[in-house]
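Undergrad: One structure coming up, written as structure tokens, with questions to follow.
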Amino acid sequence: MSNQETKSIGFFEKYLTIWVTLCIGAGILLGHFAGDSIDILSKMELYKVNLPIAVLIWLMIYPMMLQIDFSSIKDIKRDRKVSS
């Protein structure tokens with residue numbers, strides 16, 4: 001890196017372990033206090049896919065998808081090397 005550029009870690013990334021621990025704790029508490037009424041979530045399926053889990057996984061992956069550099073896709077043909 002030139003000119004002493006340094007990337008600082010973001011607030012969310014810096015405390016990721018804490019966020020994960022808090023979410024695990026919240027899930028345990030929710031399961032404890034909701035009891036059998038939480039069973040409704042496990043019955044929400046479409047084609048044998050649990051919809052709440054699918055939505056939560058999508059929300060987890062979506063921010064990573066936003067990091068894609070779409071401007072580099074246009075250069076794929078030009079940068080492709082053909083071997084003979």
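Undergrad: With charges only on Cβ, +1 for K and R and -1 for D and E, what is the dipole size of the range 11-69 about its Cα centre, in debye, rounded to 20? Let's see the in-between values first.
TA: Numbers: 3 positive and 5 negative charges, 5 e Å.
Charge dipole of the range 11-69: 20 debye, to the nearest 20.
Undergrad: Got a sec to turn the phi values of the range 29-42 into Karplus ³J(HN,Hα) couplings, 6.51 cos²θ - 1.76 cosθ + 1.60 with θ = phi - 60°, whole Hz, x for Gly and Pro?
TA: In residue order, the calculated couplings are 5, 4, x, 5, 7, 7, x, 6, 5, 6, 4, 4, 5, 6 Hz.
Undergrad: Further question: Where does the charge balance sit around L51 when Lys and Arg score +1, Asp and Glu -1, over other residues with C-beta under 13 Å from its C-beta? Present the calculation step by step, with values, prior to reporting the outcome.
TA: On the way: positive: K43, K48; negative: E45.
Taking every other residue near L51 into account, the sum is +1.
We did not get these values from a lab; they are worked out from the coordinates using the rules stated. Since we're looking at a predicted model, the values are computed, not measured. Cβ coordinates were reconstructed from backbone atoms using ideal geometry, including for glycine residues, and neighbour counts include every protein chain displayed.
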